[in-house]
Amino acid sequence: MIDPLQFTRGILGTVQNFTLMVFRAFRYMMVHFRVRESLLEMDRLGVGSIPIVFLANLFAGLDMALQFSVVMAPYGATNLLGKVVATSVIRDMGPVLASLVMSARVTAGITSELGMMATTQQIEALLVMGVDPVDRLVAPKILAGMVMLPVLSVVGDFLGVLAGLAVAMFGAHVPAPLYWSGVRTALTLPNLVNGIAKPFVFGFILVSIGCYYGLRTTGGAQGVGRSTTKAVVYAAIWILVANFLISKLLIDVWGWKL
Amino acid sequence: MIRLENVTVAYGSRVILEEIDLEIPTGKTMVILGESGSGKTTILKCVLGTLHPVKGRVLANGQDISTLNESDLLRFRQRMGMVFQEGALFDSLTVGENVAFWLWEHTSLSDEEVETRVRTLLRFVGLENSIDFKPSDLSGGMRRRVAIARAMAAEDPAFMLYDEPTTGLDPFTSKSICDLMRRVQREFTTTNIVVTHDLTDAYRVGDLFTFIKDAKIIATGSRQDIEHSHDPFIKTFLSLDS
Ligand SMILES: Nc1ncnc2c1ncn2[C@@H]1O[C@H](COP(=O)(O)OP(=O)(O)OP(=O)(O)O)[C@@H](O)[C@H]1O
Ligand SMILES: [Mg+2]
């Protein structure tokens with residue numbers, strides 16, 4: 001039986017602790033910015049992830065263009081393929097896909113790394129040496145996430161659009177120039193803001209959730225496994241929640257313009 | 001000086017330490033003896049301020065630790081060295097980087113100066129040749145010695161805490177680690193707390209001794225005091241070891 005009072009208290013506690021950690025991390029970023037650690041984290045987080053983001057977007061782009069052309073062909077609307085593919089890639093698919101793939105890689109990596117450190121007393125050792133783990137470990141990772149996710153996501157967008165071109169040319173027989181002019185009309189301000197704001201937020205989500213559950217790990221190797229699973233699942237869910245909320249917010253700001 | 005006054009620690013309703021009073025004069029080594037699970041590590045955690053007692057207070061050189069906020073606590077710990085039960089070396093860093101860590105974080109020494117100091121410290125513990133190894137490539141005893149070097153890296157350590165520094169090591173390594181702890185104490189006049197199960201090592205490093213059992217201190221004093229104690233638990237403990 002779940003006690004509703006205890007359950008609510010648990011959730012509130014989590015929200016509070018998470019918020020405190022995040023605020024501390026941002027304060028450390030302002031007070032003394034760690035250049036070396038941040039660059040190192042960006043390298044670890046971003047560069048190694050390029051191949052998987054590449055592959056994920058390639059195949060998702062291929063598939064999406066294929067499905068769209070099947071739907072649009074009967075209406076003779078395949079000349080719009082470029083615009084439709086680019087719009088959905090930039091606004092939604094690119095950021096979400098990159099972030100979900102990254103949460104499997106990055107969130108899991110961060111949680112198990114910090115979880116391992118917590119269970120082997122390395123986090124305590126940091127504290128004992130007068131260093132706040134949020135300062136040394138969490139802040140550079142969060143920053144790296146917020147910088148690298150947009151970058152990866154743009155790379156992914158580009159590949160998704162390119163995959164769409166392949167389908168357009170060889171599947172739907174849309175000439176390349178027509179496809180490209182469609183793509184160009186999709187590069188509007190609302191779309192671009194959408195495409196950058198989302199991965200920025202998602203990067204924050206997937207790293208900070210990983211850090212939070214990593215630092216709070218107890219109970220040895222089994223505990224590390226438990227935290228990791230939890231972090232990856234929550235990160236994925238919150239990415240999708242945030243995706244909807246940001247879409248809604250930006251549509252409210254700009255109206256139904258594309 | 002480290003002083004625990006009336007310290008009580010509990011996890012939920014389970015009392016781990018009950019109204020502990022303990023005083024370690026400056027420059028002395030207090031050895032804490034007791035069964036596994038009796039709360040020895042817990043005492044160290046209270047001194048470090050990573051665990052807050054539900055009652056009582058911990059004073060270090062007159063400063064009440066529980067009144068410090070998070071950032072003062074971090075600053076306070078900069079003069080504290082702790083050797084963890086399992087070493088707790090940062091496994092993503094090399095031996096040299098582990099020892100350099102404190103210097104990187106709290107000083108603005110140049111890379112050369114840091115390296116010189118790290119080499120000196122590693123020479124002190126006899127591991128200068130392992131400077132580029134990762135902790136996972138070291139034996140248990142070597143790891144413990146790196147942990148000691150790392151704990152000493154603070155420019156002027158005032159307190160050193162050792163959690164079972166010799167457990168599971170061969171007699172030779174144990175002795176060399178005990179000698180090392182003595183040397184640290186002499187060199188820096190540190191106030192030390194050593195947790196151990198091993199009576200031989202306890203006598204090697206200790207000035208004062210404390211037994212804990214069932215959440216309480218049952219005896220504390222010099223070697224003579226302990227050896228002449230009439231407490232059945234202490235008598236058994238001492239006789240089992242010899
Ligand atoms: N986080 C915790 N939650 C609940 N109980 C705990 C926690 N940490 C420690 N304990 C309990 O506190 C008691 C004392 O633990 P402590 O680590 O201080 O023992 P110890 O004397 O250092 O033992 P050992 O010699 O085996 O290291 C143990 O019985 C342990 O079960
Ligand atoms: Mg212990």
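So that you can scan it fast, the table gives a plain yes or no per residue for (1) more than 10 Å from ligand 1 (Cβ to nearest atom); (2) of a type in the set (S, T, N, Q); (3) in contact with a His (Cβ under 9 Å, 6 or more places away or on another chain); (4) within 14 Å of chain A (Cβ to nearest Cβ):
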site: B:Glu18; (1), (2), (3), (4): yes, no, no, no
site: B:Glu23; (1), (2), (3), (4): yes, no, no, no
site: B:Gly27; (1), (2), (3), (4): yes, no, no, no
site: B:Ile32; (1), (2), (3), (4): no, no, no, no
site: B:Leu44; (1), (2), (3), (4): no, no, no, yes
site: B:Gly62; (1), (2), (3), (4): yes, no, no, no
site: B:Leu68; (1), (2), (3), (4): yes, no, no, yes
site: B:Met82; (1), (2), (3), (4): yes, no, no, yes
Residue that is modelled with pLDDT of 90 or more, farther than 27 Å from A:Thr228 by Cβ and within 15 Å of the chain's Cα centre (by Cα), where the choices are A:Val85, A:Val89, A:Val101, A:Val96: A:Val89
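May I ask you to list the residues in the range B:128-142 that are touching a helix residue (DSSP H, G or I) at 6+ places or on another chain (Cβ under 7 Å) and over 15 Å from B:Leu89 (Cα atoms)? Spell out the reasoning first.
Pass one, the range B:128-142, residues touching a helix residue (DSSP H, G or I) at 6+ places or on another chain (Cβ under 7 Å): B:128, B:130-133, B:135, B:138, B:141-142.
B:Glu128, the sole residue that qualifies.
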Exactly one of (1) within 15 Å of ligand 1 (Cβ to nearest atom); (2) open to solvent by 10 Å² or more (accessible area, probe 1.4 Å); (3) within 19 Å of B:Glu5 (Cβ to Cβ); (4) not β-branched (Val, Ile, Thr) is unmet by B:Leu48. Its number? (2)
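Test of understanding: among A:Gly109, A:Gly130, which residue is within 14 Å of another protein chain (Cβ to nearest Cβ) and touching a His at 6+ places or on another chain (Cβ under 7 Å)?
Values: A:Gly109 fails: touching a His at 6+ places or on another chain (Cβ under 7 Å).
Matching residue, one of A:Gly109, A:Gly130: A:Gly130.
Kindly indicate whether B:Val114 is farther than 22 Å from A:Ala118 by Cα and in contact with a Phe, Trp or Tyr (Cβ under 8 Å, 6 or more places away or on another chain). Working first, answer last.
Numbers: farther than 22 Å from A:Ala118 by Cα: yes; in contact with a Phe, Trp or Tyr (Cβ under 8 Å, 6 or more places away or on another chain): yes.
It is true that B:Val114 is farther than 22 Å from A:Ala118 by Cα and in contact with a Phe, Trp or Tyr (Cβ under 8 Å, 6 or more places away or on another chain).
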Flagged pairs (Cβ under 9 angstrom, 6 or more apart or on separate chains; first in the range B:5-17, in contact (Cβ under 8 Å) with a residue 60 or more places away in the chain; second in a strand (DSSP E or B) and within 7 Å of ligand 1 (Cβ to nearest atom)) are none
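I'd like to check something: does the range B:124-134 contain any residue that is away from chain A (no Cβ under 11 Å), assigned to a loop (DSSP other than H, G, I, E, B) and of a type in the set (Phe, Trp, Tyr)?
Yes, the range B:124-134 contains at least one residue that is away from chain A (no Cβ under 11 Å), assigned to a loop (DSSP other than H, G, I, E, B) and of a type in the set (Phe, Trp, Tyr).
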Name the single residue that is farthest from the other protein chains (Cβ to nearest Cβ) among those in the range B:101-119 being over 15 Å from B:Arg150 (Cα atoms) and open to solvent by less than 100 Å² (accessible area, probe 1.4 Å). B:Glu113
Considering only the range B:176-194, I want to know if a residue exists there that is away from ligand 1 (no atom under 16 Å from the Cβ), touching a residue at least 12 places away in the same chain (Cβ under 8 Å) and among the small types (Gly, Ala, Ser). yes
Of all residues being open to solvent by less than 10 Å² (accessible area, probe 1.4 Å) and closer than 13 Å to A:Met129 by Cβ in the range B:90-100, which is nearest to the other protein chains (Cβ to nearest Cβ)? Just the residue, please. B:Phe90
Segments classed as strands (runs of 3 or more DSSP E), wholly inside the range B:1-72, with at least 1 members that are within 16 Å of ligand 2 (Cβ to nearest atom) and in the same structural domain as B:Pro232 (by TED's automatic domain parsing): B:2-11, B:14-24, B:29-34
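The values are calculated or read from the model by the stated rules, or taken from the named source; none is laboratory data. As the structure is a prediction and not an experimental result, all values here were calculated from the model. So basically every Cβ, Gly included, is an ideal-geometry build from the backbone, and we count neighbours across all protein chains shown. Just so you know, the surface numbers come from the protein's heavy atoms only, side chains and all, with ligands and any DNA or RNA stripped out. Shrake-Rupley method; radii C 1.70, N 1.55, O 1.52, S 1.80 Å.
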